[in-house]
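Q: First, the structure itself, so that you have it in front of you.
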Amino acid sequence: MTDIDRRNPYIILGLPFGSNEEEARAGFAKARRRLRRDPDAQYTTEDLTWALHQIEQLITHPELAIDVYRVPADPGAIESDARGVFHPASHPVARTTDTESAEEWEQLRAAALSNAVRRVLTERLEASAQYIPYQ
Amino acid sequence: MVGSAYRFAGLRKRVGVVVRVSPKPMVVFGSGKARTVSNSRLGKAEIVLDLSSVPSELFRLQTVAERSESWASGLAGWLEDQGTESSQLDSQSDRRLYARSAIAAGRVDMAKDSGLSQEEILWLQMHSAMSYGDSDVAVEKALALPPDRFPDKVAVLARALSVGDYSLTGDEADLLDGWPSSMTGVLALRMAAALPIDENRWDVVCQELGLSPEDDETFWLHALAAGESSVEESSEKAARIFESVASGNRPAASGQHSEPVSLEEKAIAARKGYIALLAPNEALDLWRSARRALDDLVDDFQVELTEAESDLPDELVARVNPDSLPQHALESLNHTWEIARRRYERGVEGEWGSTAADFHYAALTALRKGDISRAGDLEDSNGVLEAVVASFEEQQLVGKALDDPTTWSVLVDLIGPEDIPGQSEHAGPWYLSRGIAQLLDWDWSEARDLARESLRNSNDEAVRDEALNLLAFADYQEGNYEPAMVALERALEGDYTAALQANAGIVAEHMDPDRAAYHLGQLATEAPNNDLRLAAVRRAFHIWTSNRQAWEEEEEEDGESFELPGGLIDAIRGLAVQDIELEDFRDMLRLLANFDREWLADESHTSASPHVTSVERRVFVAKASADPADYIEAIASGLKRNSDLEWLAAERDSVVNGLRSLIFKDPENVGPAVYAFTAVDIGLPMDPFDLVVLTGGAVISISRSLASEEQIPAERVVELFEQARSSVGDLSDDERNAAEEIINIAGNSLAMAIAAGHEEQLRQGLQAFERLTSQLNGIPMRRINWTEVTKALRPIHDMASESISELDRAKSYSSATELTQAIDNVAEGFNKLRRYATNPRSFFS
């Protein structure tokens, strides 16, 4: 096996595994600029062209590609969706109602209690014998 | 029988209901008249409605009569027949029977004449209504009954409550207050009517509802009934139940429950501090019916939609799921905070606006870059941002900044990892993501170092696996396959990851085909979907075929036959019975037919496949069987049904070419010729040139074999040869030249076999002739009955004639002078034999 056998189109274009064609083209442009600045870089323009061709034409379903080393193998390991001050959650628009909601909550509680009792009672009745008329 | 409607046939047909069978059957007819009938007449009547399973005799009248006046008058008629006024009925049970029947017949007025009390009539009306499912009337009558009597009214009320939409007024509920608490229905009614439940009576409530005090349902009912005043909410049990209900699940962890929790219950549970998972329609219901309460929940971040719904009002979406709102809707609502947040997340450069939201996010953007000069513009509701600013000032994480999951990576980028607490849970992912960035920057060495730092700083399996994957790739890129594989195999310990398995297969391919096949076999067995499994099998097979030559050399050395690795075979077997595309199924069966013949030959192994009736299955199972003729027949059958199957044509071509190659490579081996002959004989559809060549080759091989054994070829061989020979003229010029040469050789071979076989037959004929004529030695010629001798020699004569004819035909196949001469010599021998058999006397003279 040679170095050519180990070429990875995504790595060559500086992209995580599974990047799409548009990202590949952007990666290609960026990598070419780098080659112009650094002619001694380990990849050549030919490599970049090969990599772009691979992603655009050959790897139509990255999820099924098993001859391309996957980096990252599990994107979830590095992608944190934790929310905090620097990655804030979306803002609900300000409420238009007042905050005097005690009455509504009491109505909800009564309805919830009624619903819960009815649910339990219905299940008990269904579980027991059906209604039998007087004999 | 009693209660069933009958049709009585006489001069005219009448319908009636049998209300009694003893002492004499009594029938109430449609006219309303009740009459006794004889048993024999009843026996001949036709049942038109069988109500015999319905309890209560007269009650059935109503069922049939649908409360018609005429049936009620029938009832009166029957009473008259009995000679009794209703009020004079003997027993209480008779009076009740009468009243029930009257009520059932819609004649409450008649029921009132029965002598029963007014309450009892109400009671009967309540039950009657319940029997018909008329809950409104049932509840009305139940509530009209005295509160301290008729306890079964509670069951009726409870039932009506459970099936209807009732809520009792205070006065109505008061009616139940005098009842003992040990009545399930009463308690249920009280709770449903939101009456206060005495805290001390919960044990009774639970008992009557069939709940134990420890039940989750009990806890939930108690919590709802107690309202704000109440249950222990900080326990683990409370947390579990509130969370369960808020997300739409029943309080009970187990059990068979058919009814989901209601929206109101979800809302109440969410208010305890848990996320309410609302369907869009639920959010809309709450928005319409209890908007303040919904707003309370939204303000506390306790509402999530289970799915996006485009039909909800923008105002509602902006409250419960602002992430999903399009930009134009945000602008329309002037939702400046969300607009600014999105701009911040996109990292848009440039001037910010003048709203509070703009000031905040402009300051946050600056803070992210280490600029704390605008910290005064930050909206800091919980003090975290203040701690972040302090951390910048102190060059280390302090206070609440340590708790926020997003501060670590920002500050470590600005301050540097050496000043950040080393044990932070964020360190592992941070090193990992920088390592990957280095890898994408083609710096394998730096990526490897960062991967190691990540491993040192994380105990999280996902992070560690990814760091090992990164380490392995860096080694792999430098050609260090062994350490790369060690790292990947470590990563594969624990939870299975298809991507890591695929990577292991790639690295192993550079090391050892067996190892690659093992990893790809694992992937083919354990991958989360059939497509990936199929891809793994194909890749493994590709690796195998690429290395086949090397492996075959090893095979010669150790003398073992070559086999696919067991794991790969298992994977292929598994895929062969999965719901995969027909084309994939074909590929899997083709592999099995070549490498797992015994397993595939057993038809039961693939009977579970959705493609069980396919041509593919028939062909490849036949191919795996012991007899190649089965395979050839399966191909022939498939092609005759559908000649457009390219894969099958390819199978056929492979068979034809293989047989042809074997025949011409070693004509003395008659086996391939027999199968070729089978293929031609059963009419395997094939190219005319192939047909001529295969037939010719088969004839050559079979003829040579027969010639060596001095046996005459069967007539079918000759027929097929002649068919092939006659087809030559239809071939193209090039094909004809090649075919003619083969047919010539085949003709000579066939002629030679015929000559050799007949030469032996001639020898045997002469021997038979000599044995017969030797018996005549010593007998005077005149005493021999030549007619009888000639008769005895007749079979030899006929055999000779037939042979002469066949040899004559064989001459037409021969293109070699010497062969023709040899045939002539044999034919001449038969001629002589036939002459002697015709005229034996000439043999002696």
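The values are calculated or read from the model by the stated rules, or taken from the named source; none is laboratory data. Everything numeric here is computed off the predicted structure, so don't read it as measured data. Using ideal geometry, Cβ is built from the backbone for each residue, glycine included, and neighbour counts are taken over all protein chains shown.
Q: Can you tell me which residue within the range B:344-371, out of those that are under 53 Å from the mean Cα position of the chain (by Cα) and assigned to a loop (DSSP other than H, G, I, E, B), is farthest from the other protein chains (Cβ to nearest Cβ)?
A: Within the range B:344-371, the match that is farthest from the other protein chains (Cβ to nearest Cβ) is B:E349.
Q: Here's another thing I want to ask about it. For a quick check of your reading: which helices (runs of 4 or more DSSP H) sit entirely within the range B:575-645 and have at least 1 residues that are of a type outside the set (D, E, K, R) and within 20 Å of the chain's Cα centre (by Cα)? Explain how you work it out, then say what you get.
A: Working: elements: B:582-595, B:597-601, B:615-624, B:628-641.
Ranges flagged: B:582-595.
Q: Can you pull out every residue in the range B:657-675 that is surrounded by fewer than 16 Cβ atoms within 10 Å (Cβ to Cβ) and under 45 Å from the mean Cα position of the chain (by Cα)?
A: Correct list: B:N657, B:G658.
Q: Restricting to the range B:439-461, count the residues that are facing chain A (nearest Cβ under 9 Å), without any contact (Cβ under 8 Å) to a residue 12 or more places away in the chain and farther than 13 Å from A:V71 by Cβ.
A: Final tally of qualifying residues: 0.
Q: Continuing with this model, one more query. Hey, among B:S247, B:S234, B:S254, which residue is modelled with pLDDT of 70 or more and of a type in the set (S, T, N, Q)? Give the steps one after another, and end with the answer.
A: Numbers: B:S234 fails: modelled with pLDDT of 70 or more; B:S254 fails: modelled with pLDDT of 70 or more.
After applying the criteria, what remains is B:S247.
Q: Can we say B:A279 is hydrophobic (A, V, I, L, M, F, W, C) and surrounded by fewer than 18 Cβ atoms within 10 Å (Cβ to Cβ)? If you could, list the steps in order and put the result at the bottom.
A: Values: hydrophobic (A, V, I, L, M, F, W, C): yes; surrounded by fewer than 18 Cβ atoms within 10 Å (Cβ to Cβ): yes.
Spelling it out, B:A279 is indeed hydrophobic (A, V, I, L, M, F, W, C) and surrounded by fewer than 18 Cβ atoms within 10 Å (Cβ to Cβ).
Q: Right, another one. Which condition does B:E509 not pass, out of (1) at pLDDT below 90; (2) more than 9 Å from every other protein chain (Cβ to nearest Cβ), if it passes all the others?
A: (2)
Q: Considering only the range B:526-561, state which residues are part of a helix (DSSP H, G or I), of a type outside the set (D, E, K, R) and modelled with pLDDT under 85.
A: So in the range B:526-561, the residues part of a helix (DSSP H, G or I) come out as B:526, B:530-546, B:548-558.
In the following step, the residues that additionally are of a type outside the set (D, E, K, R) were identified as B:530, B:532, B:534-537, B:540-546, B:549-551.
Selection gives B:A540, B:F541, B:H542, B:I543, B:W544, B:T545, B:S546, B:Q549, B:A550, B:W551.
Q: If I go through the range A:67-97 residue by residue, how many of them are part of a loop (DSSP other than H, G, I, E, B), over 16 Å from the mean Cα position of the chain (by Cα) and at the interface with chain B (Cβ under 7 Å from one of its Cβ atoms)?
A: Here the count works out to 13.
Q: I'm trying to understand the selection: among the residues of the range B:372-398, which are in a helix (DSSP H, G or I) and either touching a strand residue (DSSP E or B) at 6+ places or on another chain (Cβ under 8 Å) or loosely packed, with under 15 Cβ neighbours inside 10 Å (or both)? Don't jump to the end; show me each part of the working.
A: Step one: filter the range B:372-398 for residues in a helix (DSSP H, G or I), giving B:375-377, B:384-394.
Of everything in the range B:372-398, those that are in a helix (DSSP H, G or I) and either touching a strand residue (DSSP E or B) at 6+ places or on another chain (Cβ under 8 Å) or loosely packed, with under 15 Cβ neighbours inside 10 Å (or both) turn out to be B:G376, B:V384, B:E393, B:E394.
Q: Now, a different point. Which residue, of B:L694, B:L706, B:L731, B:L720, is farther than 25 Å from B:G757 by Cα and either without any contact (Cβ under 8 Å) to a residue 12 or more places away in the chain or not acidic (D, E) (or both)? Full working, then the answer.
A: On the way: B:L694 fails: farther than 25 Å from B:G757 by Cα; B:L706 fails: farther than 25 Å from B:G757 by Cα; B:L720 fails: farther than 25 Å from B:G757 by Cα.
After ruling out the rest, the residue left standing is B:L731.
Q: Something else about it: Go through (1) more than 36 Å from the chain's Cα centre (by Cα); (2) within 12 Å of chain A (Cβ to nearest Cβ); (3) modelled with pLDDT of 90 or more and name the single condition B:L263 misses.
A: (1)
Q: Looking at the structure I just gave you, is B:K272 of a type in the set (D, E, K, R), closer than 19 Å to A:A111 by Cβ and under 37 Å from the mean Cα position of the chain (by Cα)?
A: On the way: of a type in the set (D, E, K, R): yes; closer than 19 Å to A:A111 by Cβ: yes; under 37 Å from the mean Cα position of the chain (by Cα): no.
Considered against the rule, which asks whether it is of a type in the set (D, E, K, R), closer than 19 Å to A:A111 by Cβ and under 37 Å from the mean Cα position of the chain (by Cα), B:K272 comes out as no.
Q: Hey, another quick one. Out of the helices (runs of 4 or more DSSP H) lying entirely within the range B:399-510, which hold 2 or more residues that are within 38 Å of the chain's Cα centre (by Cα) and crowded, with 21+ Cβ neighbours inside 10 Å?
A: Counting at least 2 such residues, we get B:461-477, B:481-492, B:498-509.
Q: Also, I was wondering about something else. Within the group B:D311, B:D404, which residue is within 12 Å of chain A (Cβ to nearest Cβ) and among the charged types (D, E, K, R)? Full working, then the answer.
A: Details: B:D311 fails: within 12 Å of chain A (Cβ to nearest Cβ).
Checking each option against the conditions leaves just B:D404.
Q: When only residues in the range B:676-704 that are small (G, A, S) and closer than 20 Å to B:D627 by Cβ count, which is farthest from the chain's Cα centre (by Cα)?
A: Initial filter on the range B:676-704 (small (G, A, S)): B:676, B:679, B:683, B:696-698, B:701, B:703.
Subsequent filtering for residues that are closer than 20 Å to B:D627 by Cβ retains B:676, B:679, B:683, B:698, B:701.
On the way: B:A676: 43, B:A679: 40, B:G683: 41, B:A698: 49, B:S701: 53 Å.
Here the answer is B:S701.
Q: Another question, if that's okay. Give me the pairs, please: first residue somewhere in the range B:575-587 and over 11 Å from B:N529 (Cα atoms), second residue anywhere and surrounded by fewer than 17 Cβ atoms within 10 Å (Cβ to Cβ) and among the aromatic types (F, W, Y), beta-carbon distance under 9 Å, and either six or more positions apart or on two chains.
A: B:E583/B:W647; B:R586/B:W647
Q: Among what's in the range A:38-62 and is touching a residue at least 40 places away in the same chain (Cβ under 8 Å) and among the β-branched types (V, I, T), pick the residue that is farthest from the other protein chains (Cβ to nearest Cβ).
A: Looking at the filtered set, the residue picked out is A:I55.
Q: Determine which member of the set B:V699, B:V670 is hydrophobic (A, V, I, L, M, F, W, C) and within 26 Å of B:S805 (Cβ to Cβ). Break it down stepwise before answering.
A: Working: B:V670 fails: within 26 Å of B:S805 (Cβ to Cβ).
Selected residue: B:V699, the only one of B:V699, B:V670 that is hydrophobic (A, V, I, L, M, F, W, C) and within 26 Å of B:S805 (Cβ to Cβ).
Q: If you check B:D323 against the conditions, is it surrounded by fewer than 21 Cβ atoms within 10 Å (Cβ to Cβ) and within 9 Å of another protein chain (Cβ to nearest Cβ)?
A: Numbers: surrounded by fewer than 21 Cβ atoms within 10 Å (Cβ to Cβ): yes; within 9 Å of another protein chain (Cβ to nearest Cβ): yes.
It is true that B:D323 is surrounded by fewer than 21 Cβ atoms within 10 Å (Cβ to Cβ) and within 9 Å of another protein chain (Cβ to nearest Cβ).
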